[in-house]
There are 2 protein chains.
Amino acid sequence: MKCRVCRLPAVIDVRRHNANFCAEHFLRYCRQQVERAISAFDMLSEGERALVAVSGGKDSLAIWDLLVEAGFEADGLYVGLGIGEYSDRSADHARAFAEARGLRLLEIDLRDDHGYDVPTAAVATKRVPCSACGLSKRHVFDRAAIDGGYDALVTGHNLDDEAAVLYGNVLRWQTDYLARQRPVLPAEQGFPRKIKPLVRLSERETAAYCVLQGIDYLVEECPMAVGNKHLLYKDALNDMEQKSPGSKAEFYFGFLARAVDRFDNPDSGRSVLGACHRCGSPAESDLCAFCRLAERSSRADPVPVEFVLPKARHRRRRGERSPSAEAGPPTATVSPQSNGPAT
Amino acid sequence: MKCRVCRLPAVIDVRRHNANFCAEHFLRYCRQQVERAISAFDMLSEGERALVAVSGGKDSLAIWDLLVEAGFEADGLYVGLGIGEYSDRSADHARAFAEARGLRLLEIDLRDDHGYDVPTAAVATKRVPCSACGLSKRHVFDRAAIDGGYDALVTGHNLDDEAAVLYGNVLRWQTDYLARQRPVLPAEQGFPRKIKPLVRLSERETAAYCVLQGIDYLVEECPMAVGNKHLLYKDALNDMEQKSPGSKAEFYFGFLARAVDRFDNPDSGRSVLGACHRCGSPAESDLCAFCRLAERSSRADPVPVEFVLPKARHRRRRGERSPSAEAGPPTATVSPQSNGPAT
C-alpha cells in the first residue's frame with residue numbers, strides 16, 4: 001500500500017477516493033478537504049473570527065486545529081453538561097489542547113451558570129437526554145457566538161454525522177429539517193452563522209488526523225447516547241459504504257446538489273420570531289425553549305447521570321420510581337433529528 | 001396471540017399495525033388494504049379492464065386473485081424470459097393458477113416472438129441481466145396493454161419493493177426516478193396507465209395471503225437477481241423495520257405525502273417522444289430502446305443462463321471468454337433503479 005502522492009509506504013486508505021496516503025500527505029489531504037468545504041460553501045472569509053464548539057472529542061479538536069493552521073482566528077467554547085465523569089474527562093481534553101497551543105477556550109457550565117445539568121433536564125422536562133442536551137448546547141453556543149461578536153459558530157459535524165442525520169430525516173421525510181440541513185446556515189435574526197467545515201471528512205479520517213497530529217482527544221462516546229437512533233443510522237450507512245465505497249458521500253452531497261432546495265418553504269422559517277423576555281434570544285413565545293427548559297430543570301432535584309443511562313432508563317420503565325418526584329420519569333420518545341451541534 | 005377482530009387464535013402478526021389476525025380476518029385485511037390503495041390513489045374504477053403482469057410468483061398471483069375477487073375483469077400476461085428452468089417453472093405456476101380459476105392468461109415468449117432471451121440480451125448489449133430484463137418486460141407489458149385495449153396495466157410491486165426502489169433512488173438522489181415513483185402513473189402518449197395495488201401490503205403478507213388462499217406460487221427468486229442492489233436495499237430496510245416496526249411504511253408513504261411532488265419537473269417527461277419506426281411505440285429516436293435491444297440480441301448466438309449467473313459473471317471478469325465473440329462480456333455496471341415491472 002503506497003501513498004498516492006509520493007509512493008512511500010501509506011498509513012491509511014481512503015476507499016471512497018480509491019486512495020492511500022502516507023502521514024504527511026494524509027494531513028495535507030485533510031487540510032485540502034476542509035479548505036474545499038470552506039470555499040465551496042462560502043463558510044468563512046479571510047480575517048473573520050470563528051467560535052468553535054469544543055467537546056474534547058476528535059471532531060471538535062480536529063477542526064479547531066485545522067482552522068488555526070489555516071490562519072483563521074478561532075477561539076473554543078466548552079460547555080459543561082454535567083454528564084458525570086464523562087464531562088470531567090471531556091473538559092480535561094479540551095483544556096489540555098487549548099493550553100498546549102496557547103488558544104483561548106471559553107467555558108460555560110450548565111450547573112454553575114444556569115442551575116441545571118443534562119441528566120436533570122432530561123428527567124425534569126421528560127425529554128430524552130440527547131434532546132435536552134442538544135437544545136442546551138444550541139442555545140449556549142448561539143448566545144456565546146452572538147455575544148462575543150464572532151462571525152461564525154463552527155461545529156465538528158463530519159460526513160458520517162451529516163449523512164446519518166440526513167438518513168433519519170429522509171426515513172421520516174421531515175421536510176422542515178431537510179430544508180435546513182446545509183453545511184452553512186446564514187446568520188439571521190439573532191442567530192449566528194453556523195458552519196460545518198468537516199463535512200468532506202469521515203469520522204475515521206478525523207480520528208486519524210488527530211492521531212497523526214498528536215492531538216489527545218477523548219475517545220469514549222457519551223454514555224447517554226448508547227443505542228440511540230443516530231448510531232443505528234450510522235451503522236446502516238456504514239454497511240452500505242462497506243459494500244459500495246463512496247455511497248455515503250454520494251448520498252449527502254447528492255442531496256445538497258439536487259434535492260435540498262426542493263424542500264425550501266418560504267412560508268416557514270424564523271421570520272415571525274420575537275425576543276425571549278428572559279434572555280433576549282429569538283423566541284416563538286414569551287420565553288425561548290432554552291429558558292423554559294432551564295427554568296423547569298433548575299427547580300428540580302439534581303439527578304445523577306447513572307439514572308438516565310440507557311440501561312437505567314430501561315429499568316425504570318419497568319416500574320422503578322424516579323428520584324425527582326415532581327418531574328416523573330422521562331418518556332421514551334424519539335429524539336428529533338434536528339441536527340443540533342455535535343461537538 | 002389472538003386475532004384483533006374475533007379474538008380466536010391468530011395465525012399471523014402484522015407488527016407495523018400492532019395487530020394479529022386469524023386466517024379469515026387476515027384475508028379480509030389483505031382485501032381491505034388493496035381496496036384502500038385502489039381508492040386512495042384512483043387506480044381503477046368499476047367496470048374497467050385490467051391486465052396483470054404475471055410471473056408465477058406470490059405477488060403477481062396474489063394481486064390477480066385479489067382483483068378478480070374484488071369484481072374486476074382482469075386478464076393475465078405471462079412473458080417467457082428464457083431464464084432456463086426458472087422460466088419453465090414460472091410458466092407452470094402461472095398457467096396452473098389461471099386454468100384452475102378459468103382466467104385468461106396471455107403469453108408472449110421473448111425467444112419465439114422477438115428472437116432473443118434475457119441471458120442473450122444481457123451479453124449482447126453488455127447490460128446487467130436485470131436491466132435487459134426490465135426493459136424487455138416494460139415494453140412487452142405496455143404494448144400488450146395498449147393493443148388489448150386494457151384500462152390499466154397492473155404490476156405486483158409490494159411495499160417492500162417500492163420502499164427498496166425508493167431507498168436506492170434516494171441514496172443516489174436520482175430525481176427523475178423519484179418524480180415518477182408513484183403507485184399510479186396515468187396513461188400518456190402511447191403508454192398505458194400503470195398501477196400497483198399491492199403497495200399497502202408487505203412481501204411477507206402477500207406470501208401469507210397465497211398460502212392461506214391455497215395459491216401455489218413459485219417460491220424461488222430469479223437466479224440472476226442474487227446479490228443485486230435491490231436485495232441489499234431490502235435487507236437494510238428490513239433491519240430498520242425490525243428495530244422500529246412501521247418505519248418502512250412511514251418511509252414510503254411519507255415520501256408520497258410530503259416529497260414526491262417536489263421532484264416534479266415540468267420540463268422533462270415524455271412530451272417530445274416520437275414513434276418507433278419498427279413497432280410504433282413511443283421512442284426518443286427512430287427505434288425505441290426495446291427494438292434496439294431486440295435487434296442486437298436476436299442477431300447474437302444464444303447464451304445459456306448459466307453463463308450470466310452472478311457467479312459465472314464473476315468468473316468471466318477474471319478472464320474467461322464470452323461465448324458470443326461478437327458481443328463480448330457484459331460490463332459490471334449497476335442496474336438502474338427505474339422501477340420496471342416486477343411481476
Report task. Mind putting a number on the dipole of the protein assembly as shown about its Cα centre? Charges go on the C-beta only, +1 for Lys and Arg and -1 for Asp and Glu, and I need it in Debye to the nearest 20. Result -> 760 debye
Requested in this report: Find every distance from the label point of B:A96 to the corresponding label point in the other copies (7 Å from Cα along Cα→Cβ) and write them in nm, one decimal, shortest first.
Outcome: 7.1
Query raised in the report: If you place +1 on the Cβ of every Lys and Arg and -1 on the Cβ of every Asp and Glu, how big does the dipole about the Cα centre of segment B:149-220 come out, in debye to the nearest 20?
Result: 300 debye
**Report entry** Distance in nm between pseudo-label sites at B:C6 and B:E24 (7 Å out along the Cβ direction from Cα)
**Finding:** 0.2 nm
Requested in this report: Filter the GluC sites (Glu not before Pro) in segment B:201-273 to those in DSSP coil with at most 13 other Cβ atoms within 10 Å of their Cβ, and list the result.
Outcome: B:E220, B:E221
Report task. Give me the orientation-averaged projected area of the Cα convex hull of segment B:182-259, in nm², one decimal. Result -> 7.7 nm²
Query raised in the report: Using 0.36 nm per residue, how much length does the chain from A:Q32 to A:N228 gain when fully extended, once their Cα-Cα distance is taken away?
Result: 67.3 nm
Query raised in the report: Which far-off residues, 5 or more places away or on another chain, put their amide H under 5 Å from the one on B:D109, with H placed in the peptide plane?
Result: B:G80
Query raised in the report: Can you pull the Kirkwood radius for the protein assembly as shown, inverse mean 1/r over Cα pairs, to one decimal in Å?
Result: 28.5 Å
**Report entry** Test item: B:194-204 mean partner chain Cβ contacts at 10 Å
**Finding:** 0
Query - Chain B Cβ-axis minimum, rotational copy A, residue and distance in Å - result: B:R262, 2
Report task. Report, largest value first, the span of the C-alpha coordinates of segment A:141-219 along each principal axis, in whole Å. Result -> 40, 38, 19
Query raised in the report: In square nanometres, what is one fourth of the surface area of the convex hull spanned by the alpha carbons of segment B:19-115?
Result: 7.9 nm²
Query raised in the report: Each label point is 7 Å from the Cα along the Cα-to-Cβ direction; what then is the distance between the points at B:Q213 and A:D113, in nm?
Result: 6.5 nm
Requested in this report: Using the Karplus curve 6.51 cos²θ - 1.76 cosθ + 1.60 with θ = phi - 60°, work out ³J(HN,Hα) for each residue of segment A:187-201 in order, rounded to whole Hz, and write x for Gly and Pro.
Outcome: 4, 7, 6, x, 9, x, 5, 10, 10, 10, x, 8, 4, 8, 10
Query raised in the report: Which Cα, out of A:G71, A:H93, A:I83, lies furthest along the positive dipole direction of segment A:56-134 (beta carbon charges, K/R +1, D/E -1)?
Result: A:I83
Report summary line: Note: segment B:131-265 at 25 °C, 0.890 mPa s; Kirkwood Rh on alpha carbon pairs; Stokes-Einstein D in µm²/s works out to 149 µm²/s
Query raised in the report: Among A:L135, A:L293, A:A225, whose Cα lies farthest out toward the positive end of the dipole of the protein assembly as shown, if unit charges sit on the beta carbon of Lys, Arg (+1) and Asp, Glu (-1)?
Result: A:A225
Report task. Step through the residues of segment A:44-61 one at a time and calculate ³J(HN,Hα) from phi using the Karplus curve (6.51 cos²θ - 1.76 cosθ + 1.60, θ = phi - 60°), rounding each to whole Hz and writing x for Gly and Pro. Result -> 8, 10, 3, x, 7, 9, 10, 10, 9, 6, 10, 10, x, x, 4, 5, 5, 6
Report summary line: A convex hull over the alpha carbons of chain A yields, per residue, a volume in Å³ of 141 Å³
Report summary line: Taking every residue of B:39-45, the Cβ atoms of other protein chains inside 10 Å of its Cβ average out to 0
Query - 7 Å along Cα→Cβ, label-point gaps from A:E306 to other copies, nm, shortest first - result: 6.7
Query raised in the report: Put the label 7 Å from Cα along Cα→Cβ for B:P266; what are its distances to the other copies, in nanometres, shortest first?
Result: 1.4
Report task. Could you size up the charge dipole of chain A around its Cα centre, putting +1 on the beta carbon of Lys and Arg and -1 on that of Asp and Glu, and report it in debye to the nearest 20? Result -> 1120 debye
Requested in this report: Can you send over the solvent-accessible area of B:I12, 1.4 Å probe, protein chains only, in Å² to the nearest 10?
Outcome: 10 Å²
Query - trypsin sites (Lys or Arg not before Pro), loop per DSSP, at most 14 other Cβ atoms within 10 Å - longest free stretch of chain B - result: B:105-269
Report summary line: Note, segment B:124-140: 3J(HN,Hα) by Karplus (6.51, -1.76, 1.60, θ = phi - 60°), whole Hz, Gly/Pro = x, goes 5, 9, 6, 9, 5, x, 4, 6, 4, 5, x, 4, 4, 5, 3, 5, 5
Query raised in the report: What fraction, in whole percent, of alpha-carbon pairs in segment A:55-209 exceed 18 Å separation?
Result: 64 percent
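The values are calculated or read from the model by the stated rules, or taken from the named source; none is laboratory data. Note that this is a predicted model, so its numbers are computed, not measured. Cβ coordinates were reconstructed from backbone atoms using ideal geometry, including for glycine residues, and neighbour counts include every protein chain displayed. Side chains are part of the model used for accessible areas, which takes the heavy atoms of the whole protein and leaves out ligands, DNA and RNA. Shrake-Rupley method; radii C 1.70, N 1.55, O 1.52, S 1.80 Å.
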